[in-house]
Amino acid sequence: MPQREPQEKLQVILRHAAQVFCEKGYEGASIRDISRASGVSLAGLYHYIKSKQELLYLIQIHTFKTIVARLEKSLARVTNPVEKLRILVHNHLDYFLQHPVEMKVLAHEDEALEGTFRKEVLEVKRRYVEIALEIFEEMRKAGAVRRLNPRVAVLSLFGMMNWTYTWHRAAADPQADALAETIAGMFLHGVMNGHGDARPKSARPVAARLRNRRARADNL
């Protein structure tokens, strides 16, 4: 059997498990429900996982590790802290708009994990928050933000992003690029100190640059 086949099968199981947890809640779901949804027998499921707890753990740890790895890769060559903040927002929303079921499970089943599973997921989540706090501190050192409690500011930003699944409709609402620009803009306008945009001009929205050009033309 090819080495990657078990991993592919496990990913199928996790996708169906996330859907069942999303629909029934962790407490209301059973391994039998997941067996029926995935088409994998109970014996087959227990070949891949030992418990319902492990299923929830695998869904959460995979999601958070993927988000953090993507973010760290995207930030590797970026130096401007405001642009880093925008990248963080886009990375978060882009992933979750593609995985709305997992997003709901993470939001609603945050307290369901126990023991070592909970500890391992919390470690990855703490790393994610630390990255955001580091970016906010860089913005503060650059003089770009007002004197605010960094933890309150950062967790408020995550709150804005994490609950988009409750209202976002793909047919009617902006997709990742435009949505990230809107949410990042709302956050930045609340925390920035009014001394201007710390991003390089080339990174500012096109509409803003056009408005500035028209304003200069009107003053000629």
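The values are calculated or read from the model by the stated rules, or taken from the named source; none is laboratory data. If you're wondering where the values come from, they're calculated on a predicted model, not measured in any experiment. So basically every Cβ, Gly included, is an ideal-geometry build from the backbone, and we count neighbours across all protein chains shown.
Below, the figures for the structure above:
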{"read-out": "Residue selected from segment 118-153 under the condition among the charged types (D, E, K, R) and in a loop (DSSP other than H, G, I, E, B), by the criterion surrounded by the fewest Cβ atoms within 10 Å (Cβ to Cβ)", "value": "Arg147"}
{"read-out": "Condition met for Lys104 (at pLDDT 95 or above, assigned to a helix (DSSP H, G or I) and either assigned by TED's automatic domain parsing to the domain that holds Thr166 or not charged (D, E, K, R) (or both))", "value": "no"}
{"read-out": "Options Ser202, Ser156; residue that is part of a helix (DSSP H, G or I), under 30 Å from Leu55 (Cα atoms) and either among the small types (Gly, Ala, Ser) or modelled with pLDDT under 90 (or both)", "value": "Ser156"}
{"read-out": "Matching option when the condition is modelled with pLDDT of 95 or more and over 24 Å from Lys73 (Cα atoms), among Gly143, Gly115", "value": "Gly115"}
{"read-out": "Pick from segment 18-62, criterion assigned to a helix (DSSP H, G or I) and small (Gly, Ala, Ser), ranking: nearest to Val105 (Cα to Cα)", "value": "Ala18"}
{"read-out": "Filter pass, Arg32 being surrounded by fewer than 14 Cβ atoms within 10 Å (Cβ to Cβ) and free of Cβ contacts under 8 Å to residues at least 60 places away in the same chain", "value": "yes"}
{"read-out": "Residue within segment 67-79 that is part of a helix (DSSP H, G or I) and at pLDDT below 95 present", "value": "no"}
{"read-out": "Selection status of Gln60, buried (at least 18 other Cβ atoms within 10 Å of the Cβ) and either under 24 Å from Trp167 (Cβ atoms) or at pLDDT 95 or above (or both)", "value": "yes"}
{"read-out": "Matching residues in segment 165-189 - criterion: being among the polar types (S, T, N, Q) and either part of a loop (DSSP other than H, G, I, E, B) or crowded, with 18+ Cβ neighbours inside 10 Å (or both)", "value": "Gln175"}
